[in-house]
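The values are calculated or read from the model by the stated rules, or taken from the named source; none is laboratory data. Remember, predicted model here, so these are calculated numbers, not experimental data. Every residue, glycine as well, gets a Cβ built from its backbone with ideal geometry; the counts of neighbours run over all protein chains shown. Accessible surface areas use protein heavy atoms only, side chains included; no ligands, DNA or RNA. Shrake-Rupley method; radii C 1.70, N 1.55, O 1.52, S 1.80 Å.
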Amino acid sequence: MTSTATPRIFVTGATGQLGRKVIEALLQRVPAEQVVAGVRDVAKGADLAAKGVELRVADYDQPVTLAAAFAGIDRLLLISGNAVGQRARQHQAVIDAAKAAGVKLIAYTSVLRADISQLGLAVEHKATENTLAASGVPYVLLRNGWYLENFAGRALGGLATGEIPTCAGDGRYAAATRADFAAATAIVLTSADGYEGRKLELAGSTAFTIADLAALTSRLAGRPVVARNLTIAEFEAALMKNGLPDFVAKILANSDTSAAQGWLFDDSRTLESLLGRPTNALESVVAPAVAAALAAKKEV
Ligand SMILES: NC(=O)c1ccc[n+]([C@@H]2O[C@H](COP(=O)([O-])OP(=O)(O)OC[C@H]3O[C@@H](n4cnc5c(N)ncnc54)[C@H](OP(=O)(O)O)[C@@H]3O)[C@@H](O)[C@H]2O)c1
């Protein structure tokens, strides 16, 4: 447990979509002097610097930057990278550098039940969780469910074609917005003990199926939109036909299959209890996306 009354908190991936929201949420809780943003490109973080946040270069692929970046840091949020296949090695480099720098707590954005999940993307998260456990550095696992924002694109596809293809069947997604995950992350990072040793399964207060997403899209747009259940192979083929690279189609099909098996569902309400309120619902993300798409069509 950190003994520092005002810990310096470092956020990796601070110029990413989640990272920016975590910085925003931290600034609502602690002075900017306590927050350090890890970036690859300093220019991309100019808006964060303008808020008084110190920028330090921290590239998972360049350990020398990590050693310098973590000097004097008490708590580190390691936001999982987006280079699928490289992440176990990258995260190991971050954890090694944090340990060498004397970081007192590492929080890691993992995935729901990473230790047992059959989700393909969970493999690298599990590896990182094991690296953390072996490191001896105190840590907390933020096992995030899916982002609600992932479903806006699927709703818009349904708007265009009248169908949302899926191989998730009746599988339920307990998703939450990046902003809700970020707010909870800031609460953890600024708490007295940093939730040291906890494995927090973080998910939306309400869950939905792709059929529910289709029904919501249909209601919002005032026209029929239905879920179209496909086999895994059919779904992969449909995604590739829409121009997605092979490996992305495979990841998305695997995610839907994992949802069908329940790996993207959680009803622990841990996220809700951290926030002290229910998480934002699917409609909060889909309604503005559908409204913008319908308005853009009217303008043409
Ligand atoms: N729960 C979900 O539904 C879901 C969905 C997608 C992804 N994820 C995971 O959650 C993470 C955060 O989500 P997000 O929406 O914020 O993703 P994002 O917008 O793609 O941000 C990823 C961040 O990782 C940084 N990064 C990538 N490679 C790096 C490296 N070698 N060294 C240092 N930083 C590096 C990026 O830096 P730059 O700003 O310099 O590009 C960016 O800031 C993702 O990276 C992924 O692991 C979760």
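Summary table below
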item: For the stretch 13-128: accessible area per residue (Å², 1.4 Å); result: 42
item: Local net charge near residue 182, Cβ-Cβ under 9 Å (Lys/Arg +1, Asp/Glu -1); result: +1
item: Net charge contributed by nearby residues that have their C-beta within less than 10 Å of residue 162 (K/R +1, D/E -1); result: +1
item: Residues residue 234 and residue 99, FRET efficiency given R0 of 45 Å [Cβ-Cβ distance, rounded to 0.05]; result: 0.45
item: Debye, to nearest 20: dipole size of the stretch 9-144, +1 on Lys, Arg Cβ, -1 on Asp, Glu Cβ; result: 240
item: Taking N as its residue count, the alpha carbon Rg of the chain over 2.2 N^0.38 Å; result: 1.03
item: Shape category assigned to the stretch 253-300 from the gyration tensor of Cα positions, a/c cut at 1.5; result: oblate
item: Modelled FRET efficiency - R0 22 Å, residue 250 with residue 86, Cβ distances, 0.05 increments; result: 0.85
item: Length gained when the stretch residue 17-residue 49 is fully extended (0.36 nm per residue, less Cα-Cα span); result: 9.9 nm
item: Square roots of 5 times each gyration tensor eigenvalue, C-alpha, the stretch 15-157, largest first, Å; result: 24, 21, 14
item: Computed FRET value (nearest 0.05) for residue 267 with residue 130, which takes r as the C-beta separation and R₀ as 30 Å; result: 0.70
item: All aspartates and glutamates inside 14 Å of residue 250 as judged from Cα atoms, apart from same-chain residues fewer than 8 positions distant; result: 234, 236
item: Pairs of Lys in the stretch 9-144 closer than 25 Å at Cα, counting only those 8 or more apart or on different chains; result: 6
item: Under Karplus coefficients 6.51, -1.76 and 1.60, residue-wise ³J(HN,Hα) of the stretch 248-263 in Hz, glycine/proline x; result: 6, 4, 5, 5, 5, 5, 5, 5, 4, 4, 5, 5, 4, 8, x, 6
item: Pairwise centroid distance, computed over Cα atoms, of the stretch 175-252 with the stretch 104-135, Å; result: 19
item: Share of carbon and sulfur in the accessible heavy-atom surface of the stretch 185-300 [1.4 Å probe, %]; result: 56
item: Nearest 10 degrees, 0 to 90: helix 87-101 Cα axis against the chain principal axis; result: 20
item: Shape category assigned to the stretch 205-276 from the gyration tensor of Cα positions, a/c cut at 1.5; result: oblate
item: Rounded to the nearest 10 Å², the accessible area of residue 196 at probe 1.4 Å; result: 70
item: Anchor residue 297: lysines whose Cα lies under 28 Å away (excluding residues fewer than 8 positions away in-chain); result: 241
item: Folded to 0 to 90 degrees: helix 232-241 orientation relative to the chain principal axis, Cα; result: 90
item: Contact order normalised by residue count of the chain, Cα under 8 Å, 6+ apart, percent; result: 18
item: Cα-projected label distance for residue 170 with residue 297, points at 7 Å along beta-carbon direction, nm; result: 3.1
